[in-house]
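Visitor: Just dropping this structure here.
Bear in mind these aren't lab numbers, they're just calculated from the coordinates by the rules spelled out. Please read all numbers here as calculations on a predicted model, not as lab measurements. Because the Cβ atoms are built from the backbone with ideal geometry, glycine has one as well, and the counts that use them run over all protein chains shown.
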Amino acid sequence: MTITGIDSPDHSAVGSFICPQREHPMKPSTKDQMEGKFHDAKGSAKEKAGQAVNNPDLAARGRDEKIAGKVQNKAGQIEKVFNK
């Protein structure tokens, strides 16, 4: 895997990754699923942290993010079915 654009003067391509095995970008449905799983996990962590420190606001934000992640993951699964 190589990183492109590190020395670019305009820094527009800083951090873009090119994987030699994968020349095509990820499908939007797969990206939605990955992001959904990430938000689900992050929401679970926030919820547990809020419960641990007795912060109901943080726990509620964690639950909200977890639900949003599950919805985004499911939307990616549905999109994948209809794009076949």
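Visitor: Could you give the nm distance between label points at GLU79 and ASP64, where each point is 7 Å from its Cα heading toward the beta carbon?
Guide: Placing both labels 7 Å beyond Cα along the Cβ direction yields 2.3 nm.
Visitor: Can you find, among GLY62, GLY50, PRO25, the residue sitting farthest towards the positive end of the charge dipole of region 25-84, where Lys and Arg contribute +1 and Asp and Glu -1 at Cβ?
Guide: Looking along the dipole axis, the top candidate is PRO25.
Visitor: Moving on. Enumerate the amide H contacts of LYS27 below 5 Å, restricted to partners 5 or more residues apart or on another chain; note that Pro and chain-start residues carry no placed amide H.
Guide: none
Visitor: Dipole magnitude of region 25-84 about its Cα centre, charges +1 at Lys/Arg Cβ and -1 at Asp/Glu Cβ only, in debye to the nearest 20?
Guide: Magnitude of the dipole: close to 220 debye.
Visitor: Now a separate question. Using the Karplus curve 6.51 cos²θ - 1.76 cosθ + 1.60 with θ = phi - 60°, what ³J(HN,Hα) values do you get for each residue of region 42-51, in whole Hz, with x for Gly and Pro?
Guide: These are the phi-based 3J(HN,Hα) values: 5, x, 4, 5, 4, 4, 5, 5, x, 5 Hz.
Visitor: Follow-up question, since we're still on this one. Kindly put PHE38, PHE82 in sequence by how many other C-beta atoms sit within 10 Å of each C-beta, fewest to most. Intermediate values should be presented prior to the final figure.
Guide: Values: PHE38 14, PHE82 7.
In increasing order of surrounding Cβ atoms, one gets PHE82, PHE38.
Visitor: Each label point is 7 Å from the Cα along the Cα-to-Cβ direction; what then is the distance between the points at ASP57 and PHE38, in nm?
Guide: Taking the two extended label points, one gets 2.6 nm.
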